[in-house]
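Heads up: the structure comes next, in structure tokens.
Laboratory data are not the source of any read-out in this text; all were calculated from the coordinates shown. Just so you know, these numbers come straight off a predicted model, no measurement behind them. For neighbour counting, all protein chains shown are included, and Cβ atoms are generated from backbone atoms with ideal geometry for every residue, glycine included.
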Amino acid sequence: QVQVVESGGGLVQAGGSLRLSCAASGRIFRIVRMGWYRQAPGKSRELVASITSGESTNYADSVKGRFTVSRDNAKNTVYLQMNSLKPEDTAVYYCDAFDPPRDYWGQGTQVIVSS
């Protein structure tokens with residue numbers, strides 16, 4: 001079994017920054033991709049950013065230029081640096097670790113951006 005744990009959420013004013021961390025542990029074979037998703041109240045979960053073991057990244061259009069995803073393969077850890085935060089970034093942020101053929105999800109961390 002693989003455990004995924006997020007940290008780093010909180011309350012921040014618009015224009016501020018937060019850094020989220022996510023660590024995967026347990027019976028890991030090879031995590032080929034880790035990603036961040038978010039779900040705002042009344043909305044479906046959406047991809048924010050992802051990064052492969054080869055460091056290829058993918059971002060939602062709404063966060064390009066503001067968020068940066070990075071990972072430490074040796075530690076099976078992924079980070080999300082969020083700058084210039086907006087109220088519309090308010091959501092629960094979930095981490096996903098894809099160790100084929102399964103996805104493993106964390107419990108989520110709340111991010112609230114006040115205007």
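Annotation: for a label point projected 7 angstrom from Cα along Cα→Cβ of Val5, residues of the stretch 27-59 with backbone N closer than 17 Å are 27-28.
Which shape class applies to the stretch 33-73: rounded if a/c is under 1.5, otherwise prolate when a/b exceeds b/c and oblate if not, where a ≥ b ≥ c are the square roots of the Cα gyration tensor eigenvalues? Verdict is prolate for the stretch 33-73. Computed from the Cβ-Cβ distance with R0 of 35 Å, the FRET efficiency linking Asp72 to Ala14 stands at 0.75.
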